[in-house]
1. Does Tyr317 satisfy the condition of being open to solvent by less than 20 Å² (accessible area, probe 1.4 Å), more than 21 Å from Leu408 (Cβ to Cβ) and modelled with pLDDT of 95 or more?
2. Restricting attention to region 123-145, does a residue exist that is at positive phi and without any contact (Cβ under 8 Å) to a residue 60 or more places away in the chain?
3. Limited to region 152-176, what total is found for residues that are modelled with pLDDT of 70 or more, among the β-branched types (Val, Ile, Thr) and open to solvent by 50 Å² or more (accessible area, probe 1.4 Å)?
4. Quick test for you: out of Gly243, Gly267, pick the one residue that is part of a loop (DSSP other than H, G, I, E, B), in contact with a Gly (Cβ under 9 Å, 6 or more places away or on another chain) and within 30 Å of Ala382 (Cα to Cα).
5. For region 49-74, enumerate the residues that are open to solvent by 50 Å² or more (accessible area, probe 1.4 Å) and part of a helix (DSSP H, G or I).
6. Let me spell it out: the conditions are (1) over 30 Å from Ala279 (Cβ atoms); (2) in contact with a Cys (Cβ under 7 Å, 6 or more places away or on another chain); (3) not aromatic (Phe, Trp, Tyr), and Gly355 meets all of them except one. Which number is the exception?
7. Within the bounds of region 37-48, is there any residue that is outside any strand (DSSP E or B), farther than 30 Å from Gly82 by Cα, in contact with a Gly (Cβ under 9 Å, 6 or more places away or on another chain) and open to solvent by less than 70 Å² (accessible area, probe 1.4 Å)?
8. Would you pick out the residues in region 65-116 that are under 21 Å from Leu157 (Cα atoms) and of a type outside the set (S, T, N, Q)?
Amino acid sequence: MAFHEWTYIREHPAVWRILLGILVIPLVYAATFLASVWNPYGQLKQLPMAVVNQDRPTSVHWGRTVTHELLRNKSLDFRQLGAHQAQHDLWTGKVYLVLTIPSTTSRQLARLATHPQTIQVTYQTNAGRSAVAAKMGNTAMQKLQAKLNHAVVQSELTTAQYQAQRAQQRLGLATQQLERTTRASVAGVPAATTAAMNEAIIQGIVRGNQATQSRTPRQLRALAAPIRLKQHDVAPIANNGTGMAPYFMVISLFVGCITLNIIYDAGKRRGNYRNFLMAWLDKMSMLWGFVLLAASCMWLAVWYINGLRPLAPGKTYLLCLLIVLAFFSLVTCFRLWLGLTGAWLMLIFMIFQIGVSGGTYPIELTNSFYQLFHPYLPMTIAMTGLRHTISLGGSITGVCEILAGMVLVFSLGTLGYFYWHRHDQVIA
């Protein structure tokens, strides 16, 4: 049996071309998707971050020192920005984290020995744009906090050692003074005067120990770890599913459009129309209605089953309808003009987009080839719009214009196919 099957395949080139195309699909999917998630945590040096130094230096220049160290850091990609520009870049996705050094940091550190208190430094993330990037930034800041505390404590330790040496010198002088006082007492100085001098010296010796013993537990903790980095998310999300929803929603819509075009042949006319435009409207009105229904079912599923609660539910639903029309027009145009080869190309294109659209990890953590194509992919554009309606807020006018343009251009392509084949025999 196997021998006859192989003979049949060899004698029918169209069959083995189809099988060869199917053979390529797992290869492309595995290679493309794995390349996009291969080693993201090892590429944190490519994740853009911003530092805003608002510190006003005193005798200590902590803000300036930390900023210079961050800019020279080889494991993180920090750039120094003003407060307004940093906020703008965080919202637009040009940076994924903003670390702001407060204006009083140096003053507080200068008084740390006498007035110990925890210094809170805030860093901002944008989970609505990339939940994974926010988590990665949080991990990086935890490591940075440990390094900053180590540096401050080491500096304080050096200062304390210097002060201890000075105190030891003062203690030596006090001891010498005590010996002179004792000799003076033996020489005939009144005992009351000698006792007063001894008491003053002893009080000076123990004053430093009393200061340390009087510290509260909170002050001692501040001395041990004076720097605390606190996260603030400018676009918080309810859970990980909310952050990943745009990615999986656009994939499901694209998969649905490809599946429909493989199973249902949009090029076969079933009515005897004299005008190719009427034949096109008859076919497309049914298919448009079907994909709109499919997108509506997806929306109801993520709302009632998954519990997705976007910032703008109405806009999210209408955007899903526009996205599915754009995807369907694209896939159908290729399917009509190139047959099953067009459907296969769209499947490969979808797999490519899954890896290159940056739905899982930030695109900056992938290779330069992926970054080159990323902004222009339909999935990237659709995800950008859904992120705004689900988590970020803001305008989606530009996204809607691009998607509407796709519907217009590729619908004209399908209309051109019906015009080209206007004399084809009608299927009953």
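1. Spelling it out, it is not the case that Tyr317 is open to solvent by less than 20 Å² (accessible area, probe 1.4 Å), more than 21 Å from Leu408 (Cβ to Cβ) and modelled with pLDDT of 95 or more.
2. no
3. Result for region 152-176: 3.
4. Numbers: Gly243 fails: part of a loop (DSSP other than H, G, I, E, B).
Exactly one residue qualifies, and that residue is Gly267.
5. Once the filter is applied, which keeps residues that are open to solvent by 50 Å² or more (accessible area, probe 1.4 Å) and part of a helix (DSSP H, G or I), region 49-74 yields Arg64, Thr65, His68, Glu69, Leu71, Arg72.
6. (2)
7. yes
8. Scanning region 65-116 gives Val66, Glu69, Arg107, Leu109, Ala110, Arg111, Leu112, Ala113, His115, Pro116.
The values are calculated or read from the model by the stated rules, or taken from the named source; none is laboratory data. Remember, predicted model here, so these are calculated numbers, not experimental data. Here Cβ is always computed from backbone atoms with ideal geometry, including for glycine, and neighbour counts include all displayed protein chains. With ligands, DNA and RNA removed, areas are computed over all heavy atoms of the protein, side chains included. Shrake-Rupley method; radii C 1.70, N 1.55, O 1.52, S 1.80 Å.
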